[in-house]
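The values are calculated or read from the model by the stated rules, or taken from the named source; none is laboratory data. Given the structure is predicted, the values throughout are model-derived calculations rather than measurements. Positions of Cβ are generated from backbone atoms using ideal geometry, with glycine treated the same way; all protein chains shown enter the neighbour counts.
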Amino acid sequence: MALVVFLRGVNVGGHRTFRPSALARELSPFGIVNIGAAGTFVVRKPVSRTRLRAEIARRMPFETDVMICDGADIARLAASDVFDGEPDGKHVVRFVSVMGSRRKPLPPLPIQLPSSGEWSLRVLSCRDQFVCGLYRRDMRAVRYLGQLDKVLGVSVTTRNWNTIRAIAGILQM
């Protein structure tokens, strides 16, 4: 079964930069496919999570959180109607945050930030280690995305819904 790796807080705003394509080449014995510049990889060959995490950590130029999930979980998420009826377009972005571990219990959903007035970020649902939501394309949304760790009580890394769909496409190949 394929694994999917998400690195947290890399290549953001010129900080903690590295070349994901170079890391993928170094880890080619694991059949790694790099997706974009944010530290997202599909691992096609069998490898334990422990070994994979250690190999990635050994090659990174700095410490970072490594979230690993089963490809089947991503495929199920991408095939679901998680955003059914929710707005989409140039002013609203659909996102998925991947939790580093599962916190119990989660706060009641949905969560809206700020809690009053017009929302900048809305957390709609939680499925396994995935938190799904929306944010508006404005500067406040970045601040609220940065607060998700505190709101959820665990480390998270966030990707656009389009990235999740791209991962699901690679998993089908």
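Here are some notes:
- Residue within segment 86-106 that is in contact with a Leu (Cβ under 7 Å, 6 or more places away or on another chain), over 21 Å from Leu148 (Cα atoms) and of a type outside the set (D, E, K, R) present: no
- Single match in Thr17, Thr64, Thr50, Thr40 (criterion: of a type outside the set (Lys, Arg) and under 19 Å from Arg165 (Cβ atoms)): Thr40
- Residue that is nearest to Phe18 (Cα to Cα), among those in segment 42-92 that are part of a helix (DSSP H, G or I) and charged (D, E, K, R): Arg59
- Residue in segment 5-28 that is surrounded by the most Cβ atoms within 10 Å (Cβ to Cβ), counting only those that are polar (S, T, N, Q) and assigned to a loop (DSSP other than H, G, I, E, B): Asn11
- Looking across Phe83, Phe30, Phe41, one residue alone is of a type in the set (Phe, Trp, Tyr) and in contact (Cβ under 8 Å) with a residue 40 or more places away in the chain. It is Phe83.
- Every listed requirement among (1) more than 23 Å from Val142 (Cβ to Cβ); (2) charged (D, E, K, R); (3) surrounded by 14 or more Cβ atoms within 10 Å (Cβ to Cβ); (4) more than 16 Å from the chain's Cα centre (by Cα) is met by Arg76 save one, (4).
- Members of segment 125-144 found to be under 15 Å from Val93 (Cβ atoms) and crowded, with 19+ Cβ neighbours inside 10 Å, listed by number: Val131, Cys132, Gly133, Leu134, Tyr135, Ala141, Tyr144
- So Val98, is it touching a Cys at 6+ places or on another chain (Cβ under 8 Å) and either more than 26 Å from Ile35 (Cβ to Cβ) or outside any loop (DSSP other than H, G, I, E, B) (or both): yes
- Tally, over segment 120-169, of residues that are part of a helix (DSSP H, G or I) and of a type outside the set (Gly, Ala, Ser): 17
- Count - residues of segment 52-75 that are over 14 Å from Phe41 (Cα atoms), basic (Lys, Arg) and out of contact with any helix residue (DSSP H, G or I) (no Cβ under 6 Å at 6 or more places or on another chain): 1
A quick yes/no check of all residues on (1) at pLDDT 95 or above; (2) under 30 Å from Arg137 (Cβ atoms):
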| position | (1), (2) |
| --- | --- |
| Ala37 | no, yes |
| Arg44 | yes, no |
| Ser48 | yes, no |
| Ala54 | yes, no |
| Pro61 | no, no |
| Asp65 | no, yes |
| Gly89 | no, yes |
